[in-house]
1. Output the number of the condition that LYS455 fails; it satisfies all remaining conditions of (1) surrounded by fewer than 16 Cβ atoms within 10 Å (Cβ to Cβ); (2) closer than 30 Å to LEU127 by Cβ; (3) modelled with pLDDT of 50 or more.
2. Tally time: how many residues in region 257-298 are within 20 Å of LYS58 (Cβ to Cβ), open to solvent by 40 Å² or more (accessible area, probe 1.4 Å) and in a loop (DSSP other than H, G, I, E, B)?
3. Quick one: in region 339-395, of everything that is closer than 24 Å to PRO44 by Cβ and of a type in the set (Phe, Trp, Tyr), which residue is most open to solvent (accessible area, probe 1.4 Å)?
4. Just checking, which of THR143, THR188 is under 30 Å from ASN105 (Cα atoms), in contact with a Pro (Cβ under 9 Å, 6 or more places away or on another chain) and part of a helix (DSSP H, G or I)?
5. Please go through region 294-331 and pick out each residue that is among the aliphatic types (A, V, I, L, M) and farther than 21 Å from GLU215 by Cα.
6. Every residue in region 121-146 that is open to solvent by 50 Å² or more (accessible area, probe 1.4 Å) and modelled with pLDDT under 90, please.
7. Quick one: in region 299-318, which of the residues that are surrounded by fewer than 18 Cβ atoms within 10 Å (Cβ to Cβ) and of a type in the set (Ser, Thr, Tyr) is nearest to the chain's Cα centre (by Cα)?
8. Inspect all residues belonging to region 166-184 and state whether any of them is modelled with pLDDT of 90 or more and farther than 30 Å from THR239 by Cβ.
Amino acid sequence: MPSQGLKSTPISCFISLFFILSILSKVDGFGVNWGTAASHPLPPSKVAELLKANNIAKVKLFDANPLVLQSLSGSSIRVTVGIPNYMLRSLNSSLKIAEDWVHDNLTRYVSNGASRVLIDVGDEPFLQSYGEQFYPFLVGAATNIQTALYRANLAQRVKVVAPCSFDVFLSESNLPSKARFRPDVNRTMIELLTFLNKQKSPFFVSISPFQMYHENKNLSLDFALFRETAHARNDSHKTYKNSFDLSFDTVTSALSIAGFPQIDVVVGQIGWPTDGAPNATSSIAEEFMKGLIAKSSKHQDLPTEMYIFSLFDEDKRSIASGNFERHWGVFTFDGQAKYRVDFGSKILVNAQDVQYLSPRWCVVNNNKDLSNASSLALEACAAADCSAVSLGGSCFNLSWPGNISYAFNSYYQQHDQNAESCDFAGMGLITTVDPSVGSCRFFVGLRTSISSIHKSAIFCWMMPPMTTIFLWLRW
(Lines give C-alpha, C1' and ligand atoms only; values in the text may rest on other atoms or scores of the structure.)
Protein backbone atom coordinates (compact mmCIF):
# COMPACT_ATOMS: atom_id res chain seq x y z
CA MET A 1 0.00 0.00 0.00
CA PRO A 2 1.31 3.44 -0.77
CA SER A 3 1.58 6.00 1.98
CA GLN A 4 -1.64 7.74 2.79
CA GLY A 5 -2.71 10.61 4.96
CA LEU A 6 -4.93 13.68 5.15
CA LYS A 7 -2.44 16.47 4.81
CA SER A 8 -2.26 19.85 3.13
CA THR A 9 0.02 18.18 0.60
CA PRO A 10 -1.28 15.52 -1.84
CA ILE A 11 -2.36 12.29 -0.19
CA SER A 12 -1.24 9.71 -3.22
CA CYS A 13 -3.62 8.14 -5.82
CA PHE A 14 -3.68 4.77 -7.28
CA ILE A 15 -5.95 4.02 -10.17
CA SER A 16 -6.31 0.61 -11.58
CA LEU A 17 -8.50 -0.56 -14.33
CA PHE A 18 -11.04 -3.08 -13.22
CA PHE A 19 -13.51 -5.23 -15.06
CA ILE A 20 -16.58 -6.07 -13.11
CA LEU A 21 -18.69 -8.80 -14.48
CA SER A 22 -21.88 -8.00 -12.67
CA ILE A 23 -23.74 -4.82 -11.91
CA LEU A 24 -23.18 -4.09 -8.25
CA SER A 25 -26.10 -3.46 -6.00
CA LYS A 26 -25.56 -3.01 -2.29
CA VAL A 27 -23.49 -6.04 -1.33
CA ASP A 28 -22.44 -6.82 2.21
CA GLY A 29 -19.33 -8.68 3.29
CA PHE A 30 -15.57 -8.61 3.01
CA GLY A 31 -13.14 -9.95 0.47
CA VAL A 32 -9.36 -10.27 0.74
CA ASN A 33 -6.33 -9.26 -1.30
CA TRP A 34 -4.15 -12.27 -2.16
CA GLY A 35 -0.65 -11.10 -3.07
CA THR A 36 2.16 -13.39 -4.23
CA ALA A 37 5.22 -11.20 -3.61
CA ALA A 38 6.73 -13.92 -1.44
CA SER A 39 9.89 -16.00 -1.72
CA HIS A 40 8.05 -19.10 -0.44
CA PRO A 41 4.33 -18.77 -1.23
CA LEU A 42 1.83 -21.42 -0.25
CA PRO A 43 0.77 -23.60 -3.20
CA PRO A 44 -2.33 -22.14 -4.85
CA SER A 45 -4.34 -25.28 -4.10
CA LYS A 46 -3.66 -24.79 -0.36
CA VAL A 47 -4.73 -21.17 -0.56
CA ALA A 48 -7.95 -22.10 -2.35
CA GLU A 49 -8.70 -24.58 0.45
CA LEU A 50 -7.96 -21.89 3.04
CA LEU A 51 -10.33 -19.43 1.38
CA LYS A 52 -13.13 -21.96 1.24
CA ALA A 53 -12.59 -23.10 4.84
CA ASN A 54 -12.93 -19.50 6.01
CA ASN A 55 -15.97 -18.73 3.82
CA ILE A 56 -14.10 -15.98 1.98
CA ALA A 57 -16.14 -15.39 -1.18
CA LYS A 58 -14.16 -12.58 -2.84
CA VAL A 59 -10.44 -12.49 -3.65
CA LYS A 60 -8.39 -9.80 -5.34
CA LEU A 61 -5.19 -10.95 -7.08
CA PHE A 62 -2.35 -8.85 -8.49
CA ASP A 63 -1.36 -10.99 -11.47
CA ALA A 64 -2.84 -13.52 -13.87
CA ASN A 65 -0.89 -16.59 -12.80
CA PRO A 66 -2.56 -19.58 -14.50
CA LEU A 67 -1.93 -21.93 -11.55
CA VAL A 68 -3.65 -19.52 -9.19
CA LEU A 69 -6.61 -19.07 -11.52
CA GLN A 70 -6.88 -22.80 -12.05
CA SER A 71 -7.00 -23.38 -8.29
CA LEU A 72 -10.03 -21.08 -8.08
CA SER A 73 -11.74 -22.29 -11.23
CA GLY A 74 -15.12 -23.87 -10.57
CA SER A 75 -15.42 -22.38 -7.10
CA SER A 76 -18.02 -19.85 -5.99
CA ILE A 77 -15.25 -17.34 -5.22
CA ARG A 78 -15.22 -14.07 -7.12
CA VAL A 79 -11.65 -13.55 -8.31
CA THR A 80 -9.48 -10.59 -9.29
CA VAL A 81 -6.71 -11.00 -11.89
CA GLY A 82 -4.05 -8.41 -12.66
CA ILE A 83 -2.72 -6.65 -15.79
CA PRO A 84 0.54 -4.68 -15.34
CA ASN A 85 0.78 -0.94 -15.95
CA TYR A 86 3.34 -1.39 -18.67
CA MET A 87 0.57 -2.86 -20.87
CA LEU A 88 -1.56 0.29 -20.70
CA ARG A 89 0.18 1.91 -23.66
CA SER A 90 -0.30 -1.12 -25.91
CA LEU A 91 -3.87 -1.74 -24.73
CA ASN A 92 -4.67 1.89 -25.47
CA SER A 93 -3.16 1.74 -28.96
CA SER A 94 -4.43 -1.66 -30.14
CA LEU A 95 -7.86 -3.22 -29.86
CA LYS A 96 -6.36 -6.49 -31.10
CA ILE A 97 -4.04 -6.61 -28.08
CA ALA A 98 -7.03 -5.99 -25.80
CA GLU A 99 -8.98 -8.79 -27.50
CA ASP A 100 -6.03 -11.16 -27.14
CA TRP A 101 -5.72 -10.31 -23.47
CA VAL A 102 -9.41 -10.95 -22.79
CA HIS A 103 -9.22 -14.24 -24.69
CA ASP A 104 -6.02 -15.48 -23.05
CA ASN A 105 -6.76 -14.38 -19.50
CA LEU A 106 -10.51 -14.46 -19.20
CA THR A 107 -12.38 -16.57 -21.75
CA ARG A 108 -10.39 -19.70 -20.90
CA TYR A 109 -11.41 -19.59 -17.24
CA VAL A 110 -15.00 -18.77 -18.03
CA SER A 111 -15.21 -21.91 -20.16
CA ASN A 112 -13.52 -23.89 -17.38
CA GLY A 113 -16.34 -22.99 -15.02
CA ALA A 114 -14.70 -20.22 -13.02
CA SER A 115 -17.42 -18.83 -10.82
CA ARG A 116 -16.82 -15.09 -10.82
CA VAL A 117 -13.46 -13.86 -12.07
CA LEU A 118 -12.26 -10.38 -11.18
CA ILE A 119 -9.45 -9.26 -13.52
CA ASP A 120 -7.27 -6.69 -11.85
CA VAL A 121 -5.14 -4.69 -14.29
CA GLY A 122 -2.28 -3.23 -12.40
CA ASP A 123 -1.65 -1.12 -9.38
CA GLU A 124 -1.86 2.62 -8.83
CA PRO A 125 -1.06 4.39 -12.12
CA PHE A 126 -2.01 7.75 -10.57
CA LEU A 127 0.41 7.31 -7.68
CA GLN A 128 2.07 10.68 -7.33
CA SER A 129 5.58 9.27 -7.42
CA TYR A 130 4.91 7.86 -10.92
CA GLY A 131 4.27 11.28 -12.39
CA GLU A 132 1.95 11.48 -15.38
CA GLN A 133 3.39 8.58 -17.37
CA PHE A 134 0.17 6.53 -17.37
CA TYR A 135 -2.41 9.31 -17.72
CA PRO A 136 -2.57 9.33 -21.56
CA PHE A 137 -3.31 5.59 -21.79
CA LEU A 138 -5.63 4.74 -18.91
CA VAL A 139 -9.09 5.56 -20.27
CA GLY A 140 -8.20 4.39 -23.79
CA ALA A 141 -7.02 1.05 -22.42
CA ALA A 142 -10.24 0.69 -20.45
CA THR A 143 -12.32 1.52 -23.51
CA ASN A 144 -10.54 -1.06 -25.68
CA ILE A 145 -10.93 -3.74 -23.04
CA GLN A 146 -14.63 -2.94 -22.76
CA THR A 147 -14.96 -3.24 -26.55
CA ALA A 148 -13.11 -6.56 -26.42
CA LEU A 149 -15.59 -7.75 -23.82
CA TYR A 150 -18.49 -6.87 -26.12
CA ARG A 151 -16.90 -8.82 -28.95
CA ALA A 152 -16.35 -11.80 -26.63
CA ASN A 153 -20.02 -11.67 -25.56
CA LEU A 154 -19.00 -10.89 -21.99
CA ALA A 155 -20.09 -7.27 -21.76
CA GLN A 156 -23.35 -8.10 -19.98
CA ARG A 157 -21.34 -9.54 -17.11
CA VAL A 158 -18.20 -7.40 -17.24
CA LYS A 159 -17.68 -3.76 -16.39
CA VAL A 160 -14.53 -1.68 -16.16
CA VAL A 161 -13.78 -0.21 -12.73
CA ALA A 162 -11.04 2.19 -11.62
CA PRO A 163 -9.79 1.83 -8.04
CA CYS A 164 -7.73 4.65 -6.62
CA SER A 165 -5.26 4.94 -3.78
CA PHE A 166 -5.96 7.54 -1.18
CA ASP A 167 -3.23 9.99 -2.17
CA VAL A 168 -5.26 11.06 -5.20
CA PHE A 169 -7.07 13.40 -2.80
CA LEU A 170 -6.12 16.77 -1.35
CA SER A 171 -7.57 18.25 1.80
CA GLU A 172 -6.09 21.58 2.84
CA SER A 173 -7.96 21.54 6.13
CA ASN A 174 -7.53 17.79 6.81
CA LEU A 175 -11.33 17.53 6.71
CA PRO A 176 -13.69 15.87 4.20
CA SER A 177 -15.71 18.95 3.27
CA LYS A 178 -12.65 20.50 1.59
CA ALA A 179 -11.51 17.32 -0.17
CA ARG A 180 -10.90 17.28 -3.92
CA PHE A 181 -8.83 15.40 -6.47
CA ARG A 182 -5.22 16.44 -7.05
CA PRO A 183 -4.98 19.05 -9.80
CA ASP A 184 -2.58 16.92 -11.86
CA VAL A 185 -5.02 13.98 -12.03
CA ASN A 186 -8.24 15.97 -12.27
CA ARG A 187 -8.67 15.96 -16.07
CA THR A 188 -7.98 12.24 -16.50
CA MET A 189 -10.00 11.46 -13.37
CA ILE A 190 -13.05 13.24 -14.77
CA GLU A 191 -12.72 11.25 -18.01
CA LEU A 192 -12.41 8.05 -16.01
CA LEU A 193 -15.37 8.85 -13.75
CA THR A 194 -17.46 9.69 -16.81
CA PHE A 195 -16.59 6.28 -18.22
CA LEU A 196 -17.41 4.52 -14.94
CA ASN A 197 -20.67 6.38 -14.59
CA LYS A 198 -21.73 5.38 -18.11
CA GLN A 199 -20.97 1.73 -17.35
CA LYS A 200 -22.66 1.95 -13.90
CA SER A 201 -19.41 0.78 -12.32
CA PRO A 202 -18.27 1.58 -8.76
CA PHE A 203 -15.23 3.60 -7.74
CA PHE A 204 -12.51 1.58 -5.99
CA VAL A 205 -10.30 3.25 -3.39
CA SER A 206 -7.71 2.20 -0.80
CA ILE A 207 -8.09 3.45 2.76
CA SER A 208 -5.43 2.94 5.44
CA PRO A 209 -6.15 4.25 8.95
CA PHE A 210 -2.82 2.74 10.04
CA GLN A 211 -0.79 4.81 7.60
CA MET A 212 -2.79 7.92 8.38
CA TYR A 213 -1.96 7.39 12.05
CA HIS A 214 1.65 6.44 11.26
CA GLU A 215 2.26 9.60 9.24
CA ASN A 216 0.05 12.16 10.98
CA LYS A 217 0.92 13.08 14.55
CA ASN A 218 -2.40 14.89 14.91
CA LEU A 219 -4.35 11.60 14.66
CA SER A 220 -4.38 9.35 17.73
CA LEU A 221 -4.30 5.56 17.93
CA ASP A 222 -7.72 5.70 19.61
CA PHE A 223 -9.09 7.55 16.57
CA ALA A 224 -7.67 4.91 14.20
CA LEU A 225 -9.04 1.97 16.22
CA PHE A 226 -12.70 3.02 16.62
CA ARG A 227 -12.22 3.49 20.37
CA GLU A 228 -14.88 5.33 22.34
CA THR A 229 -12.14 7.37 24.04
CA ALA A 230 -11.06 8.97 20.74
CA HIS A 231 -11.16 12.74 20.52
CA ALA A 232 -13.79 13.66 17.93
CA ARG A 233 -13.10 15.97 14.99
CA ASN A 234 -15.74 18.38 13.72
CA ASP A 235 -16.30 19.37 10.10
CA SER A 236 -19.17 21.74 9.37
CA HIS A 237 -22.21 20.01 10.88
CA LYS A 238 -20.67 16.55 11.10
CA THR A 239 -18.62 14.93 13.87
CA TYR A 240 -16.03 12.23 13.16
CA LYS A 241 -15.06 9.72 15.82
CA ASN A 242 -12.68 7.53 13.79
CA SER A 243 -10.27 7.62 10.85
CA PHE A 244 -12.37 5.36 8.65
CA ASP A 245 -15.40 7.65 8.59
CA LEU A 246 -13.14 10.64 8.02
CA SER A 247 -11.43 8.92 5.08
CA PHE A 248 -14.60 7.56 3.53
CA ASP A 249 -16.33 10.93 3.60
CA THR A 250 -13.20 12.44 2.06
CA VAL A 251 -13.72 10.09 -0.90
CA THR A 252 -17.44 10.75 -1.26
CA SER A 253 -16.96 14.51 -0.85
CA ALA A 254 -14.33 14.63 -3.60
CA LEU A 255 -16.56 12.57 -5.90
CA SER A 256 -19.49 14.88 -5.21
CA ILE A 257 -17.46 18.03 -5.85
CA ALA A 258 -16.25 16.46 -9.11
CA GLY A 259 -19.88 15.95 -10.15
CA PHE A 260 -20.28 12.21 -9.46
CA PRO A 261 -22.09 11.89 -6.11
CA GLN A 262 -24.08 8.87 -7.27
CA ILE A 263 -21.16 6.50 -7.89
CA ASP A 264 -20.94 3.59 -5.45
CA VAL A 265 -17.66 3.29 -3.56
CA VAL A 266 -15.80 0.02 -2.92
CA VAL A 267 -12.79 -0.05 -0.57
CA GLY A 268 -10.26 -2.14 -2.47
CA GLN A 269 -7.65 -2.26 0.29
CA ILE A 270 -7.96 -1.78 4.04
CA GLY A 271 -6.14 -3.45 6.91
CA TRP A 272 -3.66 -3.17 9.76
CA PRO A 273 -0.10 -4.59 9.77
CA THR A 274 1.17 -6.83 12.55
CA ASP A 275 4.93 -6.20 12.57
CA GLY A 276 7.69 -3.89 11.39
CA ALA A 277 6.60 -0.66 13.15
CA PRO A 278 5.39 0.64 16.52
CA ASN A 279 1.75 -0.33 17.12
CA ALA A 280 1.87 -2.83 14.28
CA THR A 281 0.97 -5.89 16.34
CA SER A 282 -1.44 -8.79 16.07
CA SER A 283 -3.47 -7.63 19.07
CA ILE A 284 -3.94 -4.12 17.67
CA ALA A 285 -4.71 -5.52 14.21
CA GLU A 286 -7.39 -7.71 15.78
CA GLU A 287 -8.90 -4.71 17.54
CA PHE A 288 -8.96 -2.74 14.31
CA MET A 289 -10.51 -5.56 12.27
CA LYS A 290 -13.18 -6.26 14.87
CA GLY A 291 -14.01 -2.56 15.01
CA LEU A 292 -14.27 -2.37 11.23
CA ILE A 293 -16.47 -5.45 10.98
CA ALA A 294 -18.71 -4.25 13.82
CA LYS A 295 -19.07 -0.88 12.14
CA SER A 296 -19.94 -2.42 8.79
CA SER A 297 -22.74 -4.44 10.38
CA LYS A 298 -24.42 -1.47 12.06
CA HIS A 299 -24.09 1.60 9.86
CA GLN A 300 -25.54 2.81 6.58
CA ASP A 301 -23.75 5.05 4.07
CA LEU A 302 -20.73 2.77 3.93
CA PRO A 303 -18.84 1.23 0.99
CA THR A 304 -20.73 -1.42 -0.95
CA GLU A 305 -17.84 -3.82 -0.36
CA MET A 306 -14.44 -3.90 1.34
CA TYR A 307 -11.34 -5.97 0.61
CA ILE A 308 -8.99 -6.71 3.50
CA PHE A 309 -5.33 -6.08 2.86
CA SER A 310 -3.97 -8.67 2.97
CA LEU A 311 -4.42 -12.44 3.07
CA PHE A 312 -0.73 -13.27 3.77
CA ASP A 313 2.52 -11.62 4.78
CA GLU A 314 4.76 -11.10 1.74
CA ASP A 315 8.52 -10.95 2.25
CA LYS A 316 9.19 -9.53 -1.23
CA ARG A 317 6.99 -6.46 -0.98
CA SER A 318 8.73 -3.11 -1.26
CA ILE A 319 9.45 -1.51 2.11
CA ALA A 320 9.97 1.99 0.68
CA SER A 321 7.16 3.34 2.87
CA GLY A 322 8.03 1.22 5.91
CA ASN A 323 9.03 -2.24 7.11
CA PHE A 324 5.40 -2.90 8.04
CA GLU A 325 4.64 -3.32 4.31
CA ARG A 326 5.62 -7.00 4.55
CA HIS A 327 3.26 -7.74 7.44
CA TRP A 328 -0.29 -6.87 6.34
CA GLY A 329 -1.44 -10.48 6.38
CA VAL A 330 -4.36 -11.78 8.41
CA PHE A 331 -2.39 -15.03 8.06
CA THR A 332 1.35 -15.59 8.29
CA PHE A 333 3.22 -16.52 5.11
CA ASP A 334 2.52 -20.20 5.89
CA GLY A 335 -1.22 -19.76 6.36
CA GLN A 336 -1.48 -19.58 10.17
CA ALA A 337 -4.02 -17.12 11.58
CA LYS A 338 -2.46 -14.28 13.56
CA TYR A 339 -5.58 -13.32 15.49
CA ARG A 340 -9.28 -14.01 15.89
CA VAL A 341 -11.67 -12.35 13.47
CA ASP A 342 -14.91 -13.53 11.91
CA PHE A 343 -15.15 -13.62 8.09
CA GLY A 344 -18.08 -16.02 8.24
CA SER A 345 -16.43 -19.09 9.78
CA LYS A 346 -16.53 -17.68 13.36
CA ILE A 347 -12.93 -18.72 14.04
CA LEU A 348 -10.24 -18.48 11.36
CA VAL A 349 -9.14 -21.87 10.04
CA ASN A 350 -5.41 -22.37 9.41
CA ALA A 351 -3.91 -23.85 6.26
CA GLN A 352 -3.69 -27.63 6.60
CA ASP A 353 -0.84 -30.06 5.80
CA VAL A 354 1.66 -27.29 5.04
CA GLN A 355 4.95 -28.66 3.70
CA TYR A 356 7.92 -27.03 5.44
CA LEU A 357 11.64 -27.34 4.89
CA SER A 358 13.53 -29.34 7.53
CA PRO A 359 13.46 -27.95 11.10
CA ARG A 360 16.86 -26.30 10.81
CA TRP A 361 18.04 -22.75 11.42
CA CYS A 362 21.17 -20.73 10.72
CA VAL A 363 22.60 -18.82 13.68
CA VAL A 364 25.84 -17.09 14.68
CA ASN A 365 28.70 -19.36 15.73
CA ASN A 366 29.75 -17.77 19.00
CA ASN A 367 33.09 -19.59 18.89
CA LYS A 368 34.19 -17.51 15.89
CA ASP A 369 35.57 -14.00 15.59
CA LEU A 370 32.41 -11.93 15.05
CA SER A 371 34.05 -8.58 14.39
CA ASN A 372 32.68 -8.53 10.83
CA ALA A 373 29.31 -10.10 11.67
CA SER A 374 27.27 -6.88 11.53
CA SER A 375 28.36 -6.01 8.00
CA LEU A 376 27.54 -9.54 6.85
CA ALA A 377 24.12 -9.29 8.50
CA LEU A 378 23.45 -6.08 6.58
CA GLU A 379 24.31 -7.88 3.34
CA ALA A 380 21.96 -10.72 4.29
CA CYS A 381 19.13 -8.30 5.02
CA ALA A 382 19.61 -6.59 1.66
CA ALA A 383 18.55 -9.87 0.02
CA ALA A 384 16.27 -11.37 2.68
CA ASP A 385 13.54 -10.04 4.96
CA CYS A 386 14.71 -8.55 8.27
CA SER A 387 11.77 -6.22 8.80
CA ALA A 388 10.88 -7.85 12.13
CA VAL A 389 14.09 -6.52 13.75
CA SER A 390 13.26 -2.91 12.84
CA LEU A 391 12.03 -0.34 15.37
CA GLY A 392 8.77 -1.57 16.89
CA GLY A 393 9.12 -5.00 15.28
CA SER A 394 8.57 -8.32 17.03
CA CYS A 395 12.31 -9.00 17.09
CA PHE A 396 13.50 -5.44 17.76
CA ASN A 397 14.50 -6.28 21.33
CA LEU A 398 16.91 -9.04 20.28
CA SER A 399 20.34 -8.17 21.61
CA TRP A 400 23.57 -8.62 19.67
CA PRO A 401 24.39 -11.19 18.34
CA GLY A 402 20.80 -12.53 18.41
CA ASN A 403 19.78 -9.98 15.78
CA ILE A 404 22.69 -11.17 13.63
CA SER A 405 21.37 -14.72 13.91
CA TYR A 406 17.95 -13.52 12.79
CA ALA A 407 19.47 -11.98 9.65
CA PHE A 408 21.53 -15.09 8.93
CA ASN A 409 18.50 -17.36 9.30
CA SER A 410 16.26 -15.20 7.14
CA TYR A 411 18.81 -15.42 4.32
CA TYR A 412 19.28 -19.16 4.88
CA GLN A 413 15.56 -19.95 4.72
CA GLN A 414 15.05 -17.77 1.67
CA HIS A 415 17.72 -19.81 -0.08
CA ASP A 416 15.99 -23.11 0.71
CA GLN A 417 18.40 -23.99 3.54
CA ASN A 418 21.31 -24.41 1.15
CA ALA A 419 24.36 -25.10 3.34
CA GLU A 420 26.42 -22.47 1.54
CA SER A 421 23.85 -19.83 2.41
CA CYS A 422 24.75 -20.29 6.09
CA ASP A 423 28.49 -19.84 5.64
CA PHE A 424 28.93 -16.11 6.24
CA ALA A 425 32.71 -16.31 6.16
CA GLY A 426 32.61 -19.19 8.64
CA MET A 427 30.47 -17.29 11.16
CA GLY A 428 27.24 -19.18 10.42
CA LEU A 429 26.19 -22.36 12.21
CA ILE A 430 23.31 -24.69 11.24
CA THR A 431 21.32 -25.89 14.26
CA THR A 432 18.25 -28.02 14.93
CA VAL A 433 17.45 -26.07 18.12
CA ASP A 434 14.79 -23.43 17.46
CA PRO A 435 16.35 -20.04 18.36
CA SER A 436 12.98 -18.23 18.57
CA VAL A 437 12.63 -16.02 21.65
CA GLY A 438 9.23 -14.99 23.01
CA SER A 439 7.20 -13.37 20.23
CA CYS A 440 10.27 -13.23 17.96
CA ARG A 441 9.85 -16.12 15.56
CA PHE A 442 12.80 -17.55 13.61
CA PHE A 443 10.86 -19.04 10.73
CA VAL A 444 11.39 -22.16 8.64
CA GLY A 445 10.64 -21.78 4.95
CA LEU A 446 8.14 -23.65 2.78
CA ARG A 447 8.94 -26.19 0.10
CA THR A 448 7.57 -23.99 -2.65
CA SER A 449 10.23 -21.49 -3.63
CA ILE A 450 11.37 -23.26 -6.82
CA SER A 451 8.06 -23.37 -8.62
CA SER A 452 6.13 -21.57 -11.30
CA ILE A 453 4.07 -19.71 -8.74
CA HIS A 454 7.26 -18.44 -7.12
CA LYS A 455 8.74 -17.32 -10.41
CA SER A 456 5.54 -15.56 -11.33
CA ALA A 457 5.43 -13.81 -7.97
CA ILE A 458 8.99 -12.52 -8.24
CA PHE A 459 8.38 -11.44 -11.81
CA CYS A 460 5.35 -9.41 -10.81
CA TRP A 461 7.17 -7.90 -7.81
CA MET A 462 9.95 -6.60 -10.03
CA MET A 463 7.59 -5.29 -12.71
CA PRO A 464 7.22 -1.59 -13.41
CA PRO A 465 4.29 0.15 -11.71
CA MET A 466 0.98 -1.54 -12.44
CA THR A 467 -2.60 -0.56 -13.03
CA THR A 468 -5.43 -2.83 -12.10
CA ILE A 469 -8.39 -4.11 -14.04
CA PHE A 470 -11.01 -6.11 -12.18
CA LEU A 471 -13.42 -8.45 -13.90
CA TRP A 472 -16.34 -9.71 -11.88
CA LEU A 473 -17.97 -12.64 -13.61
CA ARG A 474 -21.31 -14.20 -12.83
CA TRP A 475 -22.60 -17.37 -14.44
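The values are calculated or read from the model by the stated rules, or taken from the named source; none is laboratory data. The model shown is predicted, which means the values in this text are computed figures rather than measured ones. Here the Cβ positions follow ideal geometry from the backbone for every residue, glycine too, while neighbour counts run over all protein chains shown. Keep in mind that these areas ignore ligands, DNA and RNA; they rest on the heavy atoms of the full protein, side chains included. Shrake-Rupley method; radii C 1.70, N 1.55, O 1.52, S 1.80 Å.
1. Of the numbered conditions (1) surrounded by fewer than 16 Cβ atoms within 10 Å (Cβ to Cβ); (2) closer than 30 Å to LEU127 by Cβ; (3) modelled with pLDDT of 50 or more, the odd one out for LYS455 is (3).
2. Adding up the residues that qualify gives 1.
3. TYR356
4. THR188
5. ALA294, LEU302, MET306, LEU311, VAL330
6. GLN128, SER129, TYR130, listed by residue number.
7. Here is the first cut: in region 299-318, the residues surrounded by fewer than 18 Cβ atoms within 10 Å (Cβ to Cβ) are 299-301, 304, 318.
Add one more test, that the residue is of a type in the set (Ser, Thr, Tyr), and what stays is 304, 318.
Numbers: THR304: 19, SER318: 11 Å.
Once the filter is applied, the top-ranked residue is SER318.
8. yes
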